[in-house]
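Taking it in order: structure first as structure tokens, then the write-up.
The values are calculated or read from the model by the stated rules, or taken from the named source; none is laboratory data. If you're wondering where the values come from, they're calculated on a predicted model, not measured in any experiment. As a convention, Cβ positions derive from the backbone with ideal geometry for all residues, glycine included, and neighbour counts pool all protein chains shown.
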DNA sequence: GAGACTTACGCAAGTCGTAAGTATA
DNA sequence: TATACTTACGACTTGCGTAAGTCTC
């Protein structure tokens, strides 16, 4: 089970093609074929069907291990790299849309103003991608948001250890189109929305999976998928009646056609966390410190 | 970062010697030397000091990744192996001492009686070892115990996904020698024991680290280390005044010289969980089902 | 028959063991 | 000086690319 072979296997599945994976990895088709053959011989099980190329049951199982494994391998290399050379001239932040609150934006701006020679960059992406960036060193610090029970930590993929602490916790709201019959209510319970259609936008708002888990419910009937990390686009869909979404109460403030109604039951909050490697770069440590809640803060971690 | 090289690195650190690691792995010293040299060249950092052989800072960091990485690699192989061949004639259980409650023992006996041709084995070991056994297929099912806040899950190392559910939850107690001034109390608070000496027996009783984490305290002053998974020996030490330990209230019932006093604050319970791979073997699934709490059960999970 | 995966084969690189080298207690 | 790690070197294995082969749509 060579990591290189695992990487090839993942690429083959992602591209549903040996040749496309070869192109992506800079190999020949032949090499890819040999990688897969070697893996299948090693594990004594077919991993992908050919024509069409798709993971078998064993292949699916292997995938669940391979991805975290490769991520952790990259994280290990990045971790050791950080020990050696520190790159104090850069501060790259990876951030989920819901985590880029005004307070966060202000803190980033403050760092930027205070250190004019520091190359500050912010990348908005999904949570998994943000965690991956923090682990592999693509970003120096990540910010993620989600829905959890009050004072619970966010359920993060634990491929490798990350330091995490909460910086904000506020009411969780349901985004409804302005004309929706429930839009005038002061608060809603999830039970009121049993028949509602939802939009599953795991990278732009609270992932439905997480809401389901935190609320200990199944449901959330037929969903409209929404890929990408653009919150405005999601709001447009909500406004158009495409479905509902969950977000922080103030996230959609001022967005035309969308009303945010707090969710009163089950008891859930919208939480934002800072994530960084256990040995952050100096600028990342500085920003993390600036974001850390003080005595008046609302979140622990 | 070849897994084989990582395995060699871990062995070198564990044996504090290149030659001993070579013997253990079936290599020559030369090969071990080359593995380490290759790793150090790859990661561009010294990983172990020579003479004496000990991990450097970078080496320590690498270790934190390498162990879970190798475990997950083994878990992946075991997982795929289970898909292929099922070994219905065996039921190997790995179990922490505190998890082998009378109810568990009875359930195992019942399985054994019901299936006379099934080779049933129970191995008592520390929690990490039990988790490892369940992940790598050394055991078909694991049972682990620990101290947590009521209805919280046990904090398990998450090298790879395991199905886990609680099967018992009962008051957590402090084990004191019979003559101890606090032995007569109906209940104790951790604060009463601020000055006490503890025994840290992570494989035989509740690990102090965990108690500390669950109680959100530092403390537990000077400790006596106790390695191994033998509960009787630990009780002997407690009886002799070697220090205190935490365990389920009924664990030390009937042990001469030891008194178990319930811990009333902070609010903690002793919890037992069943752990098995997501695709358990048939006998393991049977035992898990037999252990699963019914309507009258005390634990969720 | 064209596209896509597999197999054959040759070359280059890597890996291990033997043995000589070197450094430390 | 003895022990333990490192380096040199040769035999062998592995891994990749080229190119021919095979299978399916």
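A few points about this structure:
- Hey, residue B:109 more than 16 Å from DNA strand C (Cβ to nearest atom), in the same structural domain as residue B:276 (by TED's automatic domain parsing), over 24 Å from residue B:212 (Cβ atoms) and surrounded by fewer than 16 Cβ atoms within 10 Å (Cβ to Cβ) or not: yes
- Residue A:58 meets the conditions (1) without any contact (Cβ under 8 Å) to a residue 40 or more places away in the chain; (2) in a helix (DSSP H, G or I); (3) away from DNA strand D (no atom under 11 Å from the Cβ); (4) more than 10 Å from chain B (Cβ to nearest Cβ) in every case but one. The failed one is (4).
- Residues of segment B:25-53 classified as in a strand (DSSP E or B) and either within 12 Å of DNA strand C (Cβ to nearest atom) or not assigned by TED's automatic domain parsing to the domain that holds residue B:73 (or both), total: 1
- Among the residues of segment B:18-47, the ones that are within 8 Å of DNA strand D (Cβ to nearest atom) and within 26 Å of residue A:85 (Cα to Cα) come to 4 in all.
- Count of segment A:149-167 residues which are within 14 Å of another protein chain (Cβ to nearest Cβ) and crowded, with 22+ Cβ neighbours inside 10 Å: 2
- Exactly one residue among A:69, A:6 is within 14 Å of chain B (Cβ to nearest Cβ), modelled with pLDDT of 95 or more and more than 16 Å from DNA strand D (Cβ to nearest atom), and that residue is A:69.
- Of residues in segment A:4-24 being part of a helix (DSSP H, G or I) and farther than 18 Å from residue A:69 by Cα, the one farthest from DNA strand C (Cβ to nearest atom): A:24
- Any hit, segment A:83-93, residues being at the interface with another protein chain (Cβ under 10 Å from one of its Cβ atoms) and either in contact with a strand residue (DSSP E or B) (Cβ under 9 Å, 6 or more places away or on another chain) or at pLDDT 90 or above (or both): no
- You will find that of A:80, A:47, the residue that is within 14 Å of chain B (Cβ to nearest Cβ), farther than 30 Å from residue A:281 by Cβ and buried (at least 21 other Cβ atoms within 10 Å of the Cβ) is A:47 and no other.
- Just one of the listed residues (B:75, B:38) is more than 10 Å from every other protein chain (Cβ to nearest Cβ) and either crowded, with 17+ Cβ neighbours inside 10 Å or touching a helix residue (DSSP H, G or I) at 6+ places or on another chain (Cβ under 8 Å) (or both), and it is B:38.
- Residue match in segment A:137-144 (condition: farther than 22 Å from residue A:208 by Cα and within 14 Å of another protein chain (Cβ to nearest Cβ)): yes
- Set side by side, the residues B:211, B:268, B:244 differ, and just one is over 30 Å from residue B:79 (Cα atoms) and either modelled with pLDDT under 90 or surrounded by fewer than 20 Cβ atoms within 10 Å (Cβ to Cβ) (or both), which is B:211.
- Test for residue A:116: is it surrounded by fewer than 22 Cβ atoms within 10 Å (Cβ to Cβ) and without any contact (Cβ under 8 Å) to a residue 12 or more places away in the chain: yes
- Counting only strands (runs of 3 or more DSSP E) that fall entirely inside segment B:126-227 and contain at least 3 residues that are in contact (Cβ under 8 Å) with a residue 60 or more places away in the chain, the qualifying elements are B:141-148, B:163-177.
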